[in-house]
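Read through the structure below, which is laid out as structure tokens, and then see the notes.
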Amino acid sequence: MADMNLRQKVAYLQGLAAGLELDPQGKEGRILTQVIDLLSEMSEALYELKDSHAELESYLEDVDQDLSVVEEDLYGDDEGEEVEVVEVKCPNCGTVLHLERAGADDDTLDLICPNCGEMIYDTDDDLDYAEDDDESTGTRAVSDTDRTLAPDADSM
């Protein structure tokens, strides 16, 4: 009986109860019939739950694989690598922008302040990095005359 599944065990109990030839309308017969019927319903519910769980687990594995692909596309294979950041301060309104160094070196970069809308840098200007303007705050300022980007202090 150890290698039987739940359905087989319930069927076995139903057979044992039928072999007892108890009166289905008597006290013992009614309770035994109800208990076996309840066991049958519970075993069916467990099988449905098991099937639903297996289906959900399969779906979750698919979503996890899809998410891994999206993460790899979005973040690349650079897991654990730090991104070098350049801070740029708008000369017009003082808003500090944070850019990846790779993006700041882009030849097609047009940098417009999202706060005031002023052009901070466009592709016609030369991209020269300047020294840290404010060491206490760690921010870099864009010179109003030469419009240069200042690198992060760690990159120098």
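Observations, loosely collected:
Here is a yes/no grid of residues against (1) surrounded by fewer than 12 Cβ atoms within 10 Å (Cβ to Cβ); (2) at positive phi; (3) modelled with pLDDT of 60 or more:
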| position | (1), (2), (3) |
| --- | --- |
| ASP64 | yes, no, yes |
| ASP78 | yes, no, no |
| GLU87 | no, no, yes |
| PRO91 | no, no, yes |
| ASP105 | no, no, no |
| LEU111 | no, no, yes |
| ILE120 | no, no, yes |
| ASP133 | no, no, no |
| THR139 | no, no, no |
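- Condition met for VAL96 (closer than 30 Å to TYR121 by Cβ and at pLDDT 85 or above): yes
- Flag not set for SER58, criterion: touching a Lys or Arg at 6+ places or on another chain (Cβ under 9 Å), at pLDDT 85 or above, under 30 Å from LEU6 (Cβ atoms) and assigned to a helix (DSSP H, G or I).
- The residues of segment 1-42 that are basic (Lys, Arg) and either on the phi > 0 side of the Ramachandran plot or out of contact with any helix residue (DSSP H, G or I) (no Cβ under 9 Å at 6 or more places or on another chain) (or both), listed by number, are LYS27, ARG30.
The values are calculated or read from the model by the stated rules, or taken from the named source; none is laboratory data. Note that the coordinates shown come from a computational prediction; the quantities given were computed from them, not determined experimentally. When we count neighbours, we look across all protein chains shown, and the Cβ atoms used for this are built from the backbone with ideal geometry, even at glycine.
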